[in-house]
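Structure record follows, encoded as structure tokens.
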Amino acid sequence: MQDFITRLPEAVFLTLQLTLVGFFAGQLIALVLGSCLHLTSGYLHKVLRIYPFVFRGTPLLIQLFILYYGVAQIGFIRDTFLWTTFRDARAVAMLALTLNVGAYSSILVFGALKHLPKGQVEAASALGIGRLQTLVRVEIPQAYRHLLPSLSNEIIFTLKGSALASTITIMELTGLTRTFIAKTYAPFEYFPVAGLVYLALGFVALQAFRYLEKRLKLP
């Protein structure tokens, strides 16, 4: 247990790294894709929805395995610069989390933009403000104010999803815990500690989002 506690900070740091990179990089994808879904219609809109449909409809574990084990079987990938990413388990885990978060959050962004009052867009157009400028300066700021409660859930899901990175040899919190259990055959000593750490990290994340909600004076 002393050795486990000694190595715990490094595992927690890796867990935070996976969570934060996956979450914030995913939000960039969600912002762009959600805005594109809001501005498009017809055939292009349907094409753009394929990515969120696929990643929301398949388990994160399967996505991890495909990116880490499956892509490695593609010959030309190993001969390109992409191999530097796909041979690194940590980079693959971050990529899988990013794509997963981007898929879920893009639909949230699209929904928030879609339900804003249309009169604001009409008023901006009447004032001679372009459609893209209206989106950036009027619609997106309002949408994200309403999205904060949903995004707090999203970062918790990302934190818990990072535990699956242990299945592709990454020694984050769950990976470290499983390694010590395999050595000692003592699951009841190690899993509760790991669970408490996850609980503490989730609590801090929720408090941070609640602080943002108060600063923005959300109901």
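Points to keep in mind about this one:
- Over the range 59-147, volume per residue of the alpha carbon convex hull, in Å³: 132
- Each peptide in 16-27, 77-88 receives the mean, over its residues, of other Cβ atoms within 10 Å, and ordering these scores from highest gives 16-27, 77-88.
- Accessible-area composition of the chain, carbon plus sulfur, in percent [1.4 Å probe]: 68
- Spatially close Lys pairs in the chain, defined by Cα atoms under 30 Å apart and a spacing of eight or more places or different chains, total 10.
- Extending 7 Å from Cα along the Cβ direction at Y43 and again at L116 yields two label points whose distance is 2.9 nm.
- Scattering profile of the range 106-179 at q = 0.27 Å⁻¹ [log10 I(q)/I(0), Debye over alpha-carbon scatterers]: -1.13
- Here the extension length gained between L127 and T167 equals 8.9 nm, from 0.36 nm per residue of separation less the Cα-Cα distance.
- Using the Cβ-Cβ distance between R145 and I62 with R0 = 41 Å, the FRET efficiency computed as 1/(1 + (r/R0)^6) comes to roughly 0.75.
- Coarse-grained scattering of the range 1-97 at q = 0.10, 0.17, 0.19, 0.23 Å⁻¹, given as base-10 log I(q)/I(0) from a Debye sum over alpha-carbon atoms: -0.40, -0.95, -1.07, -1.18
- Separation of the V197 and V138 label points, Cα + 7 Å toward Cβ, nm: 4.9
- Accessible area per residue for the range 9-108 is 54 Å², calculated with a 1.4 Å probe on protein heavy atoms, without ligands, DNA or RNA.
- Descending Cα extents along the principal axes, the chain, whole Å: 70, 48, 26
- Model label sites at Q73 and Q17, defined 7 Å from Cα along the beta-carbon direction, differ in position by 2.9 nm.
- Per-residue [θ]222 nm for the chain (sum of -39500 (n - 2.57) over DSSP H runs n ≥ 4, rounded to 500): -24500 deg cm²/dmol
- Span-like helix criteria (full DSSP H runs; alpha carbon extent of at least 15 Å along the helix axis; mean Kyte-Doolittle hydropathy of at least 1.0) are satisfied in the chain by 2-39, 89-114.
The values are calculated or read from the model by the stated rules, or taken from the named source; none is laboratory data. Worth saying up front: this structure is predicted, and the values here are computed from it rather than measured. FYI the Cβ positions are ideal-geometry reconstructions off the backbone, even for glycines, and counts take in every protein chain you see. When the accessible area is computed, the model is the full protein with side chains, heavy atoms only, and any ligands, DNA or RNA have been set aside. Shrake-Rupley method; radii C 1.70, N 1.55, O 1.52, S 1.80 Å.
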